[in-house]
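Below is one structure; the comments refer to it alone.
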Amino acid sequence: QVQLVESGGGLVQPGGSLRLSCAASGSIISIYAMSWHRQAPGKQREFVARITSNGTTNVADSVKGRFTISRDNAKKTVYLRMDSLKSEDTAVYSCNMNLREGSRSSSTSHWGQGTQVTVSS
């Protein structure tokens with residue numbers, strides 16, 4: 001059973017920084033793309049950032065220049081460094097991984113449970 005567990009969320013003042021982590025566990029053969037998404041109250045979930053297996057990244061325009069996604073393949077972990085946080089960044093942040101489990105011949109998509117990020121003074 002694959003599990004994704006996020007950590008690092010919390011309350012931060014505007015202009016502050018946080019680093020989110022998402023670690024995968026279970027019988028995993030390969031992890032392909034990893035990504036972060038967020039959902040603010042009353043809004044649909046939106047894409048934040050993505051990193052492929054070879055390290056190519058792309059981020060949403062709303063966070064470009066402020067958020068950085070990275071990964072550690074040995075630790076099966078994806079990170080999201082968030083700088084210059086704004087109140088509009090307040091949301092539940094969830095990670096997603098497209099990976100291949102040991103019992104399957106094709107890749108499947110998995111989500112973490114989410115971590116709350118609140119930007120407020």
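Brief remarks follow.
- Reported count of residues in segment 47-68, each being farther than 16 Å from Cys95 by Cα, charged (D, E, K, R) and open to solvent by 40 Å² or more (accessible area, probe 1.4 Å), is 2.
- The listed residues are Ser105, Ser121, Ser109, and the only one of them that is free of Cβ contacts under 8 Å to residues at least 60 places away in the same chain and part of a loop (DSSP other than H, G, I, E, B) turns out to be Ser105.
- Considering residues of segment 1-14 that are open to solvent by 90 Å² or more (accessible area, probe 1.4 Å) and among the polar types (S, T, N, Q) only, the residue nearest to Arg104 (Cα to Cα): Gln1
- So Asn96, is it part of a strand (DSSP E or B), of a type outside the set (A, V, I, L, M) and within 10 Å of the chain's Cα centre (by Cα): yes
- Close Cβ contacts (under 9 Å, 6 or more residues apart or on different chains) running from residues in segment 39-58 that are hydrophobic (A, V, I, L, M, F, W, C) to residues that are surrounded by 14 or more Cβ atoms within 10 Å (Cβ to Cβ) and outside any strand (DSSP E or B) comprise Ala40/Asp89; Ala40/Thr90; Phe47/Ala60; Val48/Ala60; Val48/Ser62; Val48/Val63; Ala49/Ala60; Ala49/Val63.
- Count of segment 74-87 residues, restricted to those that are open to solvent by 40 Å² or more (accessible area, probe 1.4 Å) and either under 10 Å from the mean Cα position of the chain (by Cα) or in contact (Cβ under 8 Å) with a residue 40 or more places away in the chain (or both), is 7.
- Residue check, Ala33 touching an Asp or Glu at 6+ places or on another chain (Cβ under 9 Å) and within 24 Å of Val2 (Cα to Cα): no
- Boolean, Arg71 is under 18 Å from His37 (Cβ atoms) and open to solvent by less than 60 Å² (accessible area, probe 1.4 Å): yes
- Looking across segment 15-46, just one residue is among the aromatic types (Phe, Trp, Tyr) and open to solvent by 80 Å² or more (accessible area, probe 1.4 Å), and that is Tyr32.
- Hits in segment 88-117 - residues which are in contact with a helix residue (DSSP H, G or I) (Cβ under 9 Å, 6 or more places away or on another chain) and surrounded by 12 or more Cβ atoms within 10 Å (Cβ to Cβ): Asp89, Val117
The values are calculated or read from the model by the stated rules, or taken from the named source; none is laboratory data. This is a predicted model, so every value here is computed, not measured. Positions of Cβ are backbone-derived with ideal geometry, glycine not excepted, and every protein chain shown enters the neighbour counts. Side chains are part of the model used for accessible areas, which takes the heavy atoms of the whole protein and leaves out ligands, DNA and RNA. Shrake-Rupley method; radii C 1.70, N 1.55, O 1.52, S 1.80 Å.
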